[in-house]
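Chemist: Quick one: structure below, then a few questions.
What follows draws every value from the coordinates through simple rules; no lab data is involved. Here the structure is a predicted model, which means the values were calculated and not measured. Cβ coordinates were reconstructed from backbone atoms using ideal geometry, including for glycine residues, and neighbour counts include every protein chain displayed.
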Amino acid sequence: MLETIAAVWAEELGVPEVRPEDGFFELGGHSLTALRVVYRVRDEFAVNLSLRDLMSARTLTDFVKTVQSATQTPTRPTVALVGRRGTR
């Protein structure tokens, strides 16, 4: 998991390598990049994460721990919104 998330950070931040002790914002991350990372990690691991989860993580290791914790937390099923006449 660490290697996968590090690769996502590196790709989105445009840096050659991300170490476990590196911080997202110290590597040049900003809010739009953070959103892309959160969405990619959500998709990759099928977890429920928020932008706050990434912003509060001081290091890659901290963020990985958050993602690991989220994988152990059951998620609620997605409910589709339907209009009054059965359309979305």
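Chemist: Quick check: the angle from helix 60-71's long axis to the longest principal axis of the chain, C-alpha only, nearest 10 degrees?
Modeler: Roughly 30 degrees between the two axes.
Chemist: Give the calculated FRET efficiency between Ser31 and Arg85 to the nearest 0.05, with a Förster radius of 41 Å applied to their Cβ-Cβ distance.
Modeler: On the way: r = 38 Å, r/R0 = 0.93.
Plugging the Cβ-Cβ distance into 1/(1 + (r/R0)^6) gives 0.60.
Chemist: Further, regarding this structure: Roughly how compact is the chain, stated as its Cα Rg over 2.2 N^0.38 Å to two decimals? Spell out each step's value before the answer.
Modeler: Working: Rg = 15.2 Å, N = 88, 2.2 N^0.38 = 12.1 Å.
This ratio for the chain stands at 1.26.
Chemist: For the pair Thr61 and Glu17, how long in nm is the line joining their label points, each one 7 Å along Cα→Cβ?
Modeler: Between Thr61 and Glu17, the label points sit 1.7 nm apart.
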